[in-house]
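Quick note: the coordinates plus some simple rules give every number you see, no bench work behind them. Please read these numbers as outputs of a predicted model, since none were measured by experiment. Please note: Cβ atoms are built from the backbone with ideal geometry, for glycine as well, and neighbour counts cover all protein chains shown.
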Amino acid sequence: MKHIALFASGSGSNAEKIADYVADNTEVKIALILSNNPKAGVIERARRLHIPVLLFDRATFYTTSQITELLLNQGIDLIVLAGFMWLMPADLVRAFPNRIINIHPALLPKFGGKGMYGHFVHEAVAAAGEKESGITIHYVNEHYDEGQIIFQATCPIAQSDTPDDIARSVQALEHMHYPRVVTEVLTPLNPLKP
Ligand code: GRF
């Protein structure tokens with residue numbers, strides 16, 4: 001049995017899709033959802049899905065090794081970031097080499113880096129007149145949006161599309177692909193070709 005820890009700061013729609021996808025999988029389990037935001041929608045979703053939640057603050061995350069130790073003690077195999085807004089601390093990245101993945105709502109390496117999250121991404125994509133956007137699922141290192149890319153999928157952008165329209169297309173791609181890619185990263189029989 002492989003154990004996933006999900007980190008989320010927001011609504012948690014991706015977290016829920018992943019939980020639904022693995023619900024009947026006897027080889028994969030969501031052990032825990034961690035969040036820095038007590039008001040995040042993901043908390044309510046986790047309660048509904050009967051997944052334990054751990055809330056933590058900035059000081060605990062960045063100045064202690066409590067979270068890293070807890071994840072190691074729980075035998076977590078993969079950390080999945082699903083709308084988690086804070087940079088991963090160095091000790092956590094070192095403790096889980098190539099075992100932390102993130103989804104970014106654009107086609108990296110464009111439209112990534114500090115400040116490029118949520119609606120800012122889709123506004124920048126629209127302002128640049130891009131003909132397509134998409135998703136990037138990648139390994140996580142100590143820098144925003146820089147780890148090795150695992151998977152990308154694209155969606156076309158019409159000239160009349162607003163940032164909200166782009167956000168909707170990108171979210172549909174996230175929900176379609178992230179649960180499968182998370183599972184494939186964990187399943188040695190079907191290794192993803194980088
Ligand atoms: C997604 O767009 C994801 O790409 C980004 O944050 C958003 C999370 O949405 N990193 P949700 O909380 O899963 O609904």
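Quick notes on this one:
- Among the residues of the stretch 134-163, the one identified as farther than 18 Å from A8 by Cα and within 11 Å of the ligand (Cβ to nearest atom) is G134.
- Residue match in the stretch 60-73 (condition: within 13 Å of the ligand (Cβ to nearest atom) and hydrophobic (A, V, I, L, M, F, W, C)): no
- When the criteria are applied in full, E130 meets the requirement of being out of contact with any Pro (no Cβ under 9 Å at 6 or more places or on another chain), assigned to a loop (DSSP other than H, G, I, E, B), more than 17 Å from G10 (Cβ to Cβ) and of a type in the set (D, E).
- Residue in the stretch 171-192 that is surrounded by 15 or more Cβ atoms within 10 Å (Cβ to Cβ) and part of a loop (DSSP other than H, G, I, E, B) present: no
- Verdict on P109 being farther than 24 Å from S13 by Cβ, within 16 Å of the ligand (Cβ to nearest atom) and either part of a helix (DSSP H, G or I) or not hydroxyl-bearing (S, T, Y) (or both): yes
- Single residue of the stretch 23-50 satisfying the filter (buried (at least 19 other Cβ atoms within 10 Å of the Cβ) and within 16 Å of the ligand (Cβ to nearest atom)) that is nearest to E174 (Cα to Cα): V42
- Residue within the stretch 19-27 that is of a type in the set (G, A, S), over 13 Å from V182 (Cα atoms) and in contact (Cβ under 8 Å) with a residue 24 or more places away in the chain present: no
- Sole exception among (1) surrounded by fewer than 17 Cβ atoms within 10 Å (Cβ to Cβ); (2) in contact with a helix residue (DSSP H, G or I) (Cβ under 7 Å, 6 or more places away or on another chain) for G75, by number: (2)
- Every residue from the stretch 52-77 that is of a type outside the set (G, A, S), in contact (Cβ under 8 Å) with a residue 40 or more places away in the chain and outside any helix (DSSP H, G or I): Q74, I76, D77
- Leading residue by the ranking (surrounded by the most Cβ atoms within 10 Å (Cβ to Cβ)) among those in the stretch 97-106 that are near the ligand (Cβ under 10 Å from one of its atoms) and either in contact (Cβ under 8 Å) with a residue 60 or more places away in the chain or farther than 13 Å from Q148 by Cα (or both): P105
- Total residues in the stretch 144-171, condition without any contact (Cβ under 8 Å) to a residue 12 or more places away in the chain and not hydroxyl-bearing (S, T, Y): 4
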